[in-house]
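Trainee: Before we start, here is the structure in question, set down as structure tokens.
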Amino acid sequence: MNIKDFVSIRDFSASEIEYLLLLGRQIKAHPGTYIDTLKGKTLVMIFEKPSLRTRVSFDVGIQQLGGFSLYLSPSEISLGKRESVYDVAKNLERMVQGIMVRTFAHEVVEDMAHFAGVPVINGLTDYSHPCQAMADYLTMWETKGNLERLKIAYVGDGNNVAHSLMFTGAQLGAEVWVATPPGYEPRADAIAWAQGRASETGGSCRITNDAKEAAAGADVIYTDVWTSMGQEAEAGRRRDVFRSYQVNSALFACAKPDAIFMHCLPAHRGEEVTYEVIDSPHSVVFQQAENRLHAEKAIMLELMKDVSMGLMRPAAMPELVHA
Ligand code: CP
Ligand code: NVA
């Protein structure tokens, strides 16, 4: 693979996405084979928002591959405030072999990738969550056996998770439906890209305000929180707006009898999903969470395996050359 960074699913070809998913499955099946494949390498993790799964999966994942991680909390870096993204990138590339960033503006991760000489991984922005989507499709592949002919219905907010689900589905030729309240649809540019790409891969991306239409005959019903990190001030209004988009037993009954329920987590039981659905045998949410680990090990391995520990160092120290 010729790509330095994992910033957006859109940057990859379908075969590159498939390759990473396959590698994730191989790593899951044979974790011992991959011990020390990133021996001694360090991933720095910059978090400007809270996390459970992303932090733990990257942290454990890099260690299982023989490397180290360094966690930088929201109070430590202040990207673009205490120090410019450029300067942070230029400092870190001298010390680490990979940078994972969870932040607000997507452009911050794009800038970091542009400036840093080492791989940059998007650990969630307001616009997208590509590592989540890789774990999601890995889970669908495991449970459904194929991805091309799946009907995937996302019901809820047209947010970062919805965008990455659409992008990956379009790359893999899936049929993705997104049902949101009016005014909460995915961003127009995300819809345009997903529909354009899907038309080339044999998939489709349909946007509707009718949750039942999306759920009808679906293989997968997916939802996410109604209020994403950074939108807390809107939580009360959003609870009202999204009420009729709850994934409950009645909505889930519109899907195929063997449909699975998915959620990126954290979940708010009683809001976007009921206990009956998320805690039912149809729910694969914890398998999905586990697959963050395997999918991200594949991403780190592919991106960081060829990064030299002395990336920015001259080939030989001058005093040694003439010794
Ligand atoms: N799904 C997910 O990204 O979870 P965290 O916010 O806990 O990392
Ligand atoms: N849409 C959610 C996803 C959390 C993993 C958020 O951005 O808060």
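The values are calculated or read from the model by the stated rules, or taken from the named source; none is laboratory data. Just so it is clear, the model here is predicted, and its values are computed rather than measured. Neighbour counts run over all protein chains shown; Cβ positions are idealised from the backbone, glycine included. Just the protein is used for accessible areas: all its heavy atoms, side chains included, with ligands, DNA and RNA removed. Shrake-Rupley method; radii C 1.70, N 1.55, O 1.52, S 1.80 Å.
Trainee: Filter the chain for me: DSSP H helices, axial length by Cα at least 27 angstrom, mean Kyte-Doolittle hydropathy not below -1.0. List them by residue number. Provide the component values of the computation, followed by the final result.
Mentor: Details: long enough: 285-304 (28 Å, -0.03).
What comes out of the filter, once short or polar helices are dropped, is 285-304.
Trainee: Taking the DSSP beta bridges in the chain as the whole, what percent of them are antiparallel, to the nearest 5? Mind showing how you got there, number by number?
Mentor: Working: 0 of 35 bridges.
The antiparallel fraction comes to roughly 0 percent.
Trainee: Please work out the average accessible area per residue across the chain, using the 1.4 Å probe convention, and give it in Å².
Mentor: On the way: 13530 Å² over 323 residues.
Per residue, the chain has 42 Å² of solvent-accessible surface.
Trainee: Moving on. Of Gly61, Gly202, Gly80, which has the largest mean-square fluctuation in a 10 Å C-alpha GNM of the chain?
Mentor: Ranking Gly61, Gly202, Gly80 by mean-square fluctuation puts Gly80 first.
Trainee: How many angstrom separate the Cα center of segment 98-173 from the Cα center of segment 43-76?
Mentor: 17 Å
Trainee: What percentage of the solvent-accessible surface of segment 135-285, computed with a 1.4 Å probe over protein heavy atoms, is contributed by carbon and sulfur atoms?
Mentor: Values: 2850 of 5710 Å².
About 50 percent, which is the carbon plus sulfur part of the accessible surface.
Trainee: Next question. Just want the answer: with Cβ charges of +1 for Lys and Arg and -1 for Asp and Glu, which residue in Met304, Ala29, Met166 is farthest toward the dipole's positive end in the chain?
Mentor: Ala29
Trainee: Take the chain, connect every pair of alpha-carbon atoms lying under 10 Å apart with a spring to form a Gaussian network, then pick out the residue of Val307, Val120, Val161 with the largest mean-square fluctuation.
Mentor: Top of the fluctuation ranking is Val307.
Trainee: Also, I was wondering about something else. Below 14 Å, Cα to Cα, which aspartates and glutamates can Lys49 reach? Residues fewer than 8 away in the same chain don't count.
Mentor: Glu76, Asp126, Glu232
Trainee: So for segment 143-280, what percent of the C-alpha to C-alpha distances run longer than 22 Å? All intermediate terms of the calculation are to be shown ahead of the outcome.
Mentor: Numbers: 3006 of 9453 pairs.
Cα-Cα pairs in segment 143-280 separated by more than 22 Å: 32 percent.
Trainee: Turning to a different aspect of this structure: Quick one: putting +1 on the C-beta of Lys and Arg, -1 on the C-beta of Asp and Glu, what dipole do you get for the chain around its Cα centre, in Debye to the nearest 20? Walk me through the numbers on the way to the answer.
Mentor: Values: 31 positive and 40 negative charges, 79 e Å.
Its charge dipole is roughly 380 debye.
Trainee: Above 27 Å lies some portion of the pair distances; for the chain, what is it as a whole percent of all C-alpha pairs? Don't jump to the answer; show the numbers that get you there.
Mentor: Values: 22378 of 52003 pairs.
Value for the chain (Cα pairs over 27 Å): 43 percent.
Trainee: Taking K and R as +1 and D and E as -1, what net charge do the other residues with C-beta under 11 Å from the C-beta of Arg238 add up to? Show your work: numbers first, answer last.
Mentor: Details: positive: Arg237, Arg239, Arg243; negative: Asp157, Glu232, Glu234, Asp240, Glu271, Glu272.
Here the charged neighbours net out to -3.
Trainee: Projected onto the charge dipole of segment 209-272 (+1 at Lys/Arg Cβ, -1 at Asp/Glu Cβ, origin at the Cα centre), which of Gly236, Met262, Ala214 gives the Cα projection farthest towards the positive end?
Mentor: Most positive-ward Cα: Gly236.
Trainee: Using the Cα centre as the reference, give the magnitude of the dipole from point charges on the C-beta atoms of segment 1-142 (Lys, Arg: +1; Asp, Glu: -1; all else neutral), rounded to the nearest 20 debye. Can you show the working numbers first?
Mentor: Numbers: 14 positive and 17 negative charges, 77 e Å.
For this selection, approximately 360 debye.
Trainee: Let me ask you something else. Can you tally the net charge around Thr103? Count Lys and Arg as +1, Asp and Glu as -1, for every other residue whose Cβ sits under 12 Å from the Cβ of Thr103.
Mentor: Working: positive: Lys49, Lys81, Arg102; negative: Glu48, Glu107, Glu110, Asp111, Asp126.
Value of the local net charge: -2.
Trainee: Turning to a different aspect of this structure: Rounded to the nearest 500, what is the 222 nm mean residue ellipticity of the chain from helices alone, with -39500 (n - 2.57) per DSSP H run of 4+ residues and division by all residues? It would help to have the intermediate numbers written out before the result.
Mentor: Numbers: 13 runs with 133 residues, N = 323.
My calculation for the chain gives -12000 deg cm²/dmol from helical runs alone.
Trainee: Name the residue, out of Val56, Val178, Val277, whose mean-square fluctuation peaks in a Gaussian network model built on the chain with Cα pairs under 10 Å.
Mentor: Val56
Trainee: Further question on the same structure: How much length, in nm to one decimal, is gained on full extension between Asp258 and Gln63, taken as 0.36 nm per residue of separation minus their Cα-Cα distance? Kindly include the intermediate steps, with their values, before the conclusion.
Mentor: Working: separation 195, 0.36 × 195 = 70.20 nm, distance 3.65 nm.
Full extension of this stretch gives 66.5 nm more.
Trainee: Next up: Looking at this model, which pairs from Lys90/Lys305; Lys4/Lys28; Lys151/Lys305 are more than 31 angstrom apart at the alpha-carbon?
Mentor: Check vs 31 Å cut-off fails for Lys151/Lys305.
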